[in-house]
Amino acid sequence: MNSKYILYYLLLCGAVLAVPVQGQVQLSALSSVRWGNAPDQRPDGLRTIYNQLNLDYTKGGFRLGGRTQFFDASEPGRDYGEVAQRFAQYRRGRFEVTAGHFYGLVGAGLLMHAFELPGVIVEEFDRRYQITRDLDGVHLSYGWSKVDIALLRGIPVDSALPPGLEGFDRRRGRIQGGAVNIKPWRFWETGFGVVEVDDGFERQWGATLHGRLRLSRLLRHWGLEGTYADVYGEYAQRDVEFDRWFSLDRDFPRALYGAANIAGGNWGLSLEYKDYQDFLTADINDPPTLIREHDAFLLNRITHALLASDETGWQGELTYAFDGGQAFTVNYTRAARRQRSRVGDDLNLWELYVQAEAPLGTGLDAQVFVGLGKNEIFPEVEGRKTTLGTVWNWLATDTYALSVDIQYQSVDRKGAPFKEVYANIELHQGTDWAWGVLLYRSTDELASRKEYDGPIYWWGANINWQAGDRHNFNLFGGKRREGLACTAGTCYRVLGFEGVELLLINQLF
């Protein structure tokens, strides 16, 4: 291991030992050790280590934190090590100031959204790293009884690039702006935000206006006890022109997002609408996708990635829970990409998802789902699809439980249709141990790096040990397929892998 990585360890450990003992100290680690490589890639015995340490110290209203991450590979030229984050924060009452790396949100993310995906480690340019979209600068916030205000200024990070690339600066440009949220009544709030972006070549600025109506109190006043209702709307512009405020012209950079949620008794309903035009700013904003994020493995890997540069659509979901424990969910998504300014040339996407789950006796419950869809936006990737699946959970004894997940998918992709089957079987011993095996079969010609000569198989075995509340060990051996994965509304590429991987998550203290 390179000596500079040891130095990062020593710096963190020294910081821990140096802080006053009266405060609260937390140190956690995320480690991934791999023996293997992408299928058909050399060397097939590649060894890599990714390690991340997170330090957090709190005393009263003060908080200090930092993160180091490093990557080490048996092949030369891939190693890196860095102090990925460091921050100081002070909070008193409703006042808060952060200097260093911070996360933030303006509105619903139309203008700016700085966040991270915990535990999501990706690989690009032969280096592994965690997806983090933070800002390095200063963040201020203060709240009165009816008004909240936030100001920010920082340098964004290009999360599409890994650390350690020579000649590339992952942090460049500047973002500054602020947001005000006003709550004149308990059931109503409104606000606006302004963000200026300087990417080193040009300056752009945008503005957003939002409103939220919380109807639960009003419904209770009308005698509808136990009913929740919330309506939210936001409109934003880039390169603001006030004389065209609220314009939805196809040639104008703007974004409109609306959401309504109502729930009462055993049922719930949500509706969302989007209209985005030329509103994608990489690593700065993150508009809501309005595409259902599936738990089903096969559906998740072909989730539609949002085209904030030009996309409109809506999503609705209805759920109902029966008194006997059964539950029913229906979700419908529709989106369109407008290629040109003329009406009638839209490329459409739609997806219908239906899920039912129910207890079938003592210790046994089952779930079945059906997914239907068609993607004209990316027909060469997805096309028309039909997905069927079922999940069975059986609590055999007070200690052991068995889970079986089986999925089938048929995709009528333009020029190259294919079918896939996925099966995963897991045996659980309490909450401590889990053993699983999986099999994935596909006739997708694009899944093979070599000339296609028949169905392709991926198989694997997995062991997971949860050692108390502080330590988790996960060991995987086998093959994984390359493809898309989505977490918390953000989609990213997962590279194929063949070999053994050990993942460790430890809360040290």
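What follows draws every value from the coordinates through simple rules; no lab data is involved. None of the values given here were measured: they were computed from a predicted structure. Using ideal geometry, Cβ is built from the backbone for each residue, glycine included, and neighbour counts are taken over all protein chains shown.
Things to note:
- With the alpha-carbon atoms of the stretch 298-430 aligned to their principal axes, the span from lowest to highest coordinate is 63, 35, 20 Å, starting with the largest.
- Kirkwood hydrodynamic radius over Cα pairs of the chain, then Stokes diffusion coefficient at 4 °C and 1.567 mPa s, in µm²/s: 50
- Trypsin sites (Lys or Arg not before Pro) within the stretch 449-509: DSSP coil, no more than 13 neighbouring Cβ in 10 Å: R449, K450, R470
- Ascending count of other beta-carbon atoms within 10 Å, so fewest first, for C491, C486: C491, C486
- From phi via Karplus (6.51, -1.76, 1.60), per-residue ³J(HN,Hα) for the stretch 179-194 in Hz, x at Gly/Pro: 8, 10, 10, 10, 10, x, 9, 5, 9, 9, 9, 9, x, 8, x, 9
- Residues of the stretch 75-102 with amide N under 14 Å of a point placed 7 Å along Cα→Cβ from R153: 98-100
- Nearby lysines by direct alpha-carbon distance to K146 (threshold 17 angstrom, same-chain neighbours under 8 apart not counted): K183
- Table column - 3J(HN,Hα) (Hz), the stretch 108-119, Karplus curve with 6.51, -1.76, 1.60, x for Gly and Pro: 9, x, 5, 8, 7, 8, 9, 7, 9, 10, x, x
- Cross-link partners of K385 among lysines (Cα-Cα below 16 Å; sequence separation of 8 or more within a chain): K374, K414, K419
- Against the rule of thumb 2.2 N^0.38 Å, how large the Cα Rg of the stretch 41-85 comes out: 1.70
- Additional length obtainable on full extension of the chain from L388 to L504, 0.36 nm per residue less Cα span: 38.4 nm
- Simple spin-label estimate for E75 and A461 in nanometres, 7 Å along Cα-Cβ: 2.8
- For the stretch 132-239, the fraction of C-alpha pairs more than 23 angstrom apart is 49%.
- Inter-site label distance for R94 and V404 at 7 Å from Cα along Cβ, in nm: 5.6
- The gain in end-to-end length when the K450 to Y103 segment is fully stretched comes to 120.7 nm, 0.36 nm per residue minus the alpha carbon separation.
- Distance between the 7 Å Cα→Cβ label points at K419 and D56: 4.9 nm.
- For the stretch 99-167, the alpha carbon positions stretch 50, 22, 19 Å along the principal axes, listed from largest to smallest.
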